[in-house]
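Q: Pasting a structure here, questions to come.
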Amino acid sequence: MSRMGLELAALAALMGDVSRANILGALMDGRPLTALELSLAAGVTPQTTSSHLAKLKEAGLLVLQKQGRHRYYRLASAQVARTVESLMALTADGPPRHRAKSKLDDELAAARTCYDHIAGRLGVSICDALVEREYVVFDKDAGEVTAIGHEFFAGLGIDLLTAAKYRRVFCRPCLDWTERRPHVAGRLGAEIADLCFTKKWLTRNTGTRALTVTGHGSRALPLAFGIDLFRVALS
């Protein structure tokens, strides 16, 4: 077996453990969490969680942040989050799992975070609207904001010149786990999400990646992006 094959098999085995998969899933909204919070998400003891975290950190999937006496873990990069989201999309296309859909499943499908950008039907709807209006153009795995797109985002208060300076892919499509169509990722996706949180159009649901559209957001989001929230909620 080639070295690449060995490394791929090792990474797949690492991510294939249920507890470690739950840890990665809990960190998919981009926010750092403590070992205790991740222990609860994984459903295992703190001691076992510590072992899992060490393995994920050694593999470069997680990074440790220290703030005073507090220690937090987060995904190492947007690329890690994108890989996890892609794997989740593959599972959605696989054999059906015999588990009844829950309210949380419906909430995650409607609107959620994917690392630091918006996913689910809401994220895909925003992406569709940006493409239809030719504000954003996608070509396979890359994206570009057009001239009229720059004007559009400037009108929303998003400074694309500053965003483009970050050492990160500026704009790219990300295959959505539930919709199997792209939402906007990269720095642009993060800027859109930041705008929605700052203006309180969206709020995070406690303990999950699901997002709630606020009353203000239900009026502002359709005006800002030209989307149909009724379809987002009921699709």
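Q: Do we find a residue being outside the structural domain of Ala26 (by TED's automatic domain parsing), at pLDDT 95 or above, under 22 Å from Val80 (Cβ atoms) and of a type outside the set (Val, Ile, Thr) anywhere in segment 168-177?
A: Looking through segment 168-177, none of the residues is outside the structural domain of Ala26 (by TED's automatic domain parsing), at pLDDT 95 or above, under 22 Å from Val80 (Cβ atoms) and of a type outside the set (Val, Ile, Thr).
Q: Output the number of residues of segment 36-94 satisfying the condition of being over 21 Å from His183 (Cα atoms) and part of a helix (DSSP H, G or I).
A: Residues that pass the stated criteria total 20.
Q: If I go through segment 143-167 residue by residue, how many of them are at pLDDT below 85 and either aliphatic (A, V, I, L, M) or surrounded by 14 or more Cβ atoms within 10 Å (Cβ to Cβ) (or both)?
A: 4
Q: Shifting gears a bit: Given the conditions (1) modelled with pLDDT of 90 or more; (2) surrounded by 14 or more Cβ atoms within 10 Å (Cβ to Cβ), report the number of the one that Ala54 does not fulfil.
A: Checking Ala54 against (1) modelled with pLDDT of 90 or more; (2) surrounded by 14 or more Cβ atoms within 10 Å (Cβ to Cβ), the one that fails is (2).
Q: Going by the conditions given, is Arg219 among the charged types (D, E, K, R), in a helix (DSSP H, G or I) and surrounded by 13 or more Cβ atoms within 10 Å (Cβ to Cβ)?
A: The answer is yes for Arg219.
Q: Another question, then. Being modelled with pLDDT under 80 and within 18 Å of Asn22 (Cα to Cα) is true for just one of Ala59, Ala78, Ala89. Which residue is that?
A: Step by step, each of Ala59, Ala78, Ala89 is checked, and only Ala89 is modelled with pLDDT under 80 and within 18 Å of Asn22 (Cα to Cα).
Q: Moving on to the next point. Just to verify a result, which residue in segment 27-43, among those that are in contact with a helix residue (DSSP H, G or I) (Cβ under 7 Å, 6 or more places away or on another chain) and crowded, with 20+ Cβ neighbours inside 10 Å, is nearest to Asp105 (Cα to Cα)?
A: Once the filter is applied, the top-ranked residue is Met28.
Q: Find the strands (runs of 3 or more DSSP E) located wholly in segment 111-202 whose residues include 3 or more that are within 27 Å of Leu27 (Cβ to Cβ), and list them.
A: 112-114, 117-119, 172-175, 182-185
Q: Another question, if that's okay. Can you pull out every residue in segment 181-199 that is of a type in the set (Lys, Arg) and either out of contact with any helix residue (DSSP H, G or I) (no Cβ under 6 Å at 6 or more places or on another chain) or not assigned by TED's automatic domain parsing to the domain that holds Leu122 (or both)?
A: Taking segment 181-199 as the starting set, the residues that turn out to be of a type in the set (Lys, Arg) are 181, 187, 199.
Lys199, the sole residue that qualifies.
The values are calculated or read from the model by the stated rules, or taken from the named source; none is laboratory data. No experiment lies behind these values; they were computed from the predicted model shown. As a convention, Cβ positions derive from the backbone with ideal geometry for all residues, glycine included, and neighbour counts pool all protein chains shown.
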